[in-house]
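In what follows, a single structure is set out as structure tokens and then discussed.
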Amino acid sequence: MNGQNRKDVFPGLLVDIILKKDQRSGNRTRGIVKNLLTSAGFHSRGIKVRLEDGQIGRVVEIIQEDDF
């Protein structure tokens, strides 16, 4: 599942993001969402999030969905 819809992304979710510095290379970073930074309901390049380790990027793939 991609991370373009805000309703699909929430804290505690395991996701792959692309950091700003990796936009050209497409290198992904995996981590757990700490909080959402995009307020819009949809973003074509992915919802921007902060991971628990402090890194910020746009969600490109949702790896795991927990039932909350």
message: Looking at Gly46, Gly41, Gly26, Gly12 in this structure, which one is small (Gly, Ala, Ser) and surrounded by 15 or more Cβ atoms within 10 Å (Cβ to Cβ)?
response: Gly46
statement: Here the residues within region 49-68 that are surrounded by 15 or more Cβ atoms within 10 Å (Cβ to Cβ), out of contact with any helix residue (DSSP H, G or I) (no Cβ under 8 Å at 6 or more places or on another chain) and more than 14 Å from Asn5 (Cα to Cα) are Arg50, Leu51
- request: Kindly indicate whether Val33 is over 14 Å from Asn2 (Cβ atoms), surrounded by 10 or more Cβ atoms within 10 Å (Cβ to Cβ) and touching a strand residue (DSSP E or B) at 6+ places or on another chain (Cβ under 6 Å).
  value: yes
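No value in this document is a laboratory result; all are computed from the given coordinates. From a predicted model like this one, the values you see are computed outputs, not experimental measurements. So basically every Cβ, Gly included, is an ideal-geometry build from the backbone, and we count neighbours across all protein chains shown.
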